[in-house]
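As structure tokens, the structure follows; a few thoughts come after it.
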């Protein structure tokens, strides 16, 4: 992957940005100090895809530092650049994105080039699959539907469930585990209870008294 596009991959895989959002992301849309990415538009200057897509995205400090390093390496008003200046000013400059911005198709082309070199990647692998990776990353340790919806910036929880519902554990297995854990806890508690030997001792005493009487 070209070095300048690696930052696009980071934004897709760990912030969940769509490729058109990455291409239109300006330096001013990222708060490096607070660790927040705030999508405002998609390529070239279109409204975002769905209601809620403009939600602020919290990112870890490590990712904020990596993005800050990219700004130093490739100075621009855009977060992801072509890596060098270009003469194609025309429409790009007219949209206020600058001549060095990276259009979505240039990022996708780089993804295809990488895909051909990595045998384990499926033929249909594309930039959008990085969003799916992020969703699976959140669901695996137990993030609930509302949390994943917020991070994926879906318009509704139903959209999240329809898209990623298969990644959550089966309901039968989760309820079985929950009930089993409670039963195991109760059995352990009963085994350790001092009442058990007292009940046993009391029962033995009563039997002795009966036999003596």
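What follows draws every value from the coordinates through simple rules; no lab data is involved. Remember, it's a predicted structure, so these values are computed and weren't measured experimentally. Note that we place each Cβ from the backbone using ideal geometry, even for glycine, and neighbour counts take in every protein chain shown.
Counted by neighbouring Cβ atoms within 10 Å, the residues 65, 25 run from fewest to most as 65, 25. For the range 52-79, backbone nitrogen atoms closer than 16 Å to the point 7 Å from residue 28 Cα along Cα-to-C-beta are found at 76-79.
As a rough footprinting exposure proxy, the listed residues 145, 107, 59, 183 were ranked by other beta carbons within 10 Å of their own, and the order from fewest upward is 183, 145, 59, 107.
Under the simplified labelling scheme, the residue 109-residue 73 pair shows an inter-label distance of 2.1 nm, with each label point 7 Å from Cα along Cα→Cβ. Listed from fewest to most Cβ neighbours within 10 Å, the set 126, 101 follows the order 126, 101.
Using a simple spin-label model with pseudo-atoms 7 Å out from Cα toward Cβ, residue 189 and residue 46 lie 5.7 nm apart. Given their separation in residues at 0.36 nm each and the Cα-Cα distance between them, residue 55 and residue 145 gain 30.7 nm when the chain is fully extended.
Listed peptides 7-16, 109-118 appear in the order 7-16, 109-118 once ranked by packing, highest mean of other Cβ atoms within 10 Å at the front.
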